Amino acid sequence: MPTVKYQKDETVMGRWPGSSLYYQVKVVGFDSKSQLYTVIYKDGTELELKEQDIRSAAGFQLRSRSRSRSRSPGRRRSRSRSPARTTRRSSSRTAAAVAAAAITESAKESSRKDAKVKDTPEADLSSVTKEAENNSNNKHEKKEENNTANKVNEKPEAKVDAEPEKNQGRYNLRRRKDDGDAKPVETKAEEPEEKEAKPAPAPTVATTLDFGGKIGAYFWLLFLPAWVLFLLLQVNMEDPSLVNFPPPLPPLETLWDTQAFGIVILWILFQALLYVLPVGKLSEGMPLRTGERLKYRTNGFFAIVVSALVAVAAVYQGIDLTYIHSNFLQLSVATFLISVLLSIYLYIRSRYVSADQLALGGNSGNVVYDFFKGRELNPRIKNFDLKFFCEMRPGLIGWCLINFAMALAEMKQQGLDAPSYAMILVNVFQLLYVVDGLWNEEAILTTMDLMHDGFGFMLAFGDLVWVPFTYTLQAYYLVSHPNPLSPLVVALIVTLKLVGFYIFRKSNSEKNAFRRNPSDPTLSYLKTIPTATGKSLLVSGWWGVVRHPNYLGDLIMALAWSLPCGFSHLLPWYYMIYFIILLVHRDSRDMSNCRRKYGSAWDEYCRTVRYRIIPRVY
Ligand code: NDP
């Protein structure tokens, strides 16, 4: 067994990626396979470091102190040149004191750290910089430090102020969990160092607005419901076509049906009941800005199994599920109403929560935009997480129930003993998608919706109306537009679906496993880029092929869902077209979020992994 230099729970000095700064850290573990130590910083950030990037606390203190006192004449000269420096130096801080102060400041107090960075070289962290030049476990860091070292040799006094800028340019030593962190903490730079670090105050105003900003929010609020109505009216027609505009509108009073409203309410309550049952795992979400980690009951698979049993039992009891097909419009209107009421409730309650509970993106101060985008990140009633529930349960499971009802309607309408091949493919493919999502329900906790987006109209409408009532259009279409398929075509479509599913599942699982446990030994073969937030970015494996391999798999699957419907009409291809637009937009939203979060480390990732979704194409 190889000897391990630093022991578990030992307090040592760990190098911060991309810098020559060392902070006090505690050793959490050592992975003999990757030869990396997992260390934890005082603010809770866990990183993996090479042995060369760790120094014993005592050795660090002694060496640094001795160097800081025996500087070259050149260095002494530089001290006397700047009154500001003289003042700082008069604090006669040792390297250990600087390091200790730096720890107290730690990553959460980003701007205060900037101030510290300026001070740090005085106690001369360059004593360790030179060694770090050769030790860096990252080629980018190496390049950076070589440059720094050259500068040090040429012009020792220049290094003191130049280095922080360089580091920030490349790695953003400043902790940039989000844009908003920077301003509020900047003002605290002069606070006495002895004070304990507090979490940075949450920003109160969103920095960039998505979806066309405030005007866009008005547009989407009106357009999305109108578009769903348009699609549903189209699919009912014998010859659905975009040129049928406007489609014949039914009398307004027929859109409302109290029974349909009651059924939707019952469905949501039934799913809520399954969600709160103490069955299944309690999973932890990602750390919030407050450092807190919420718990989620991830029993989605249990919920869909029970729902399926109930649906089958209902059919055997003689309940006619084709009601869903014949009252589709009324059911969608009822669900739309519920999503609006829910969004109003969410907006009102978001006015009463503290700033650190708000999503960064939905907090612009504009009522309409914030209502649309969602203000509160994780609205909960006790432990009942409204966003997680709506994302995963009534809409997703409802989607499968509707598809099933469409298969029954097809048999009834076309006098079949069994659903057509096309209907079976659409049902099975989409069921597999949903079951997979619920089986791996925990993975949603690391997605954009859960981690970054507030819960407002956009997600409430999307989860409750858009998903169940537009993702089922292919099945709905097949009820009255049969498309016979040969066994060969079926086999080809199934193969396509499986390829897409494999890419989708593998890439999502890889990222999820990595985010949950970056030191997972099964992922030790993957290359990563460290970022100043403490998180790393995968740069090999699936996430080294394209920047969104999961989107690629999803798009291939979407193609497999549309193909069974044939090419006679555009309508069953609606999902494919919409999904391309959605994922391209989502990708660019994610790109700019990650650019803000990870700064130059993200640029480095984009340079290394050049394509976004489709290798060599896009
Ligand atoms: P992702 O699951 O791709 O999450 C994006 C986040 O992953 C980024 O913000 C970043 O977050 C992290 N990340 C990005 N690159 C890397 C990297 N190289 N290494 C490590 N982490 C990285 O996005 P979505 O939430 O959009 O999608 C999740 C799944 O849901 C996808 O498969 C998508 O296709 C699917 N989906 C399906 C929809 C549908 O309607 N059918 C709609 C939307 C999505 P951080 O660094 O903060 O962890």
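Data for the structure
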read-out	value
Selection within the range 569-596 - within 10 Å of the ligand (Cβ to nearest atom) and either open to solvent by less than 30 Å² (accessible area, probe 1.4 Å) or among the aliphatic types (A, V, I, L, M) (or both)	Tyr575, Phe579, Leu582, Leu583, Asp587, Arg589, Asp590, Met591, Cys594
Matching entry among Ile503, Ile493 (being buried (at least 16 other Cβ atoms within 10 Å of the Cβ), modelled with pLDDT of 95 or more and closer than 27 Å to Thr322 by Cβ)	Ile493
In the range 340-369, residue surrounded by the most Cβ atoms within 10 Å (Cβ to Cβ) [restricted to those that are of a type in the set (Ser, Thr, Tyr) and at pLDDT 90 or above]	Tyr369
Odd one out for Thr447, checked against (1) polar (S, T, N, Q); (2) touching an Asp or Glu at 6+ places or on another chain (Cβ under 8 Å); (3) within 13 Å of the ligand (Cβ to nearest atom)	(2)
Hey, Leu337 at pLDDT below 95, out of contact with any strand residue (DSSP E or B) (no Cβ under 7 Å at 6 or more places or on another chain), surrounded by 13 or more Cβ atoms within 10 Å (Cβ to Cβ) and not aromatic (Phe, Trp, Tyr) or not	no
Subset of the range 558-568 [more than 9 Å from the ligand (Cβ to nearest atom) and either in contact (Cβ under 8 Å) with a residue 12 or more places away in the chain or among the β-branched types (Val, Ile, Thr) (or both)]	Leu559, Ala560, Trp561, Ser562, Leu563, Pro564, Cys565, Gly566, Ser568
Pair list, Cβ under 7 Å, 6 or more apart: the range 217-240 residue surrounded by 15 or more Cβ atoms within 10 Å (Cβ to Cβ), other residue hydroxyl-bearing (Ser, Thr, Tyr)	Ala217/Tyr369; Val228/Ser332; Val228/Thr470; Leu231/Thr470; Leu231/Tyr574; Leu232/Ser332; Val235/Tyr476; Val235/Tyr477
Qualifying positions in the range 408-467 - among the charged types (D, E, K, R) and not in a helix (DSSP H, G or I)	Asp417, Asp453
Verdict on Val279 being open to solvent by 50 Å² or more (accessible area, probe 1.4 Å), aliphatic (A, V, I, L, M) and in contact (Cβ under 8 Å) with a residue 40 or more places away in the chain	no
Members of the range 532-557 that are of a type in the set (Gly, Ala, Ser), modelled with pLDDT under 95 and either surrounded by fewer than 23 Cβ atoms within 10 Å (Cβ to Cβ) or within 7 Å of the ligand (Cβ to nearest atom) (or both)	Gly534, Ser536, Ser540, Gly541, Gly544
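The values are calculated or read from the model by the stated rules, or taken from the named source; none is laboratory data. Keep in mind that what you see is a predicted model, and the values were worked out from it rather than measured. As a convention, Cβ positions derive from the backbone with ideal geometry for all residues, glycine included, and neighbour counts pool all protein chains shown. In case anyone asks, the SASA skips ligands and DNA or RNA and just uses the protein heavy atoms, side chains included. Shrake-Rupley method; radii C 1.70, N 1.55, O 1.52, S 1.80 Å.
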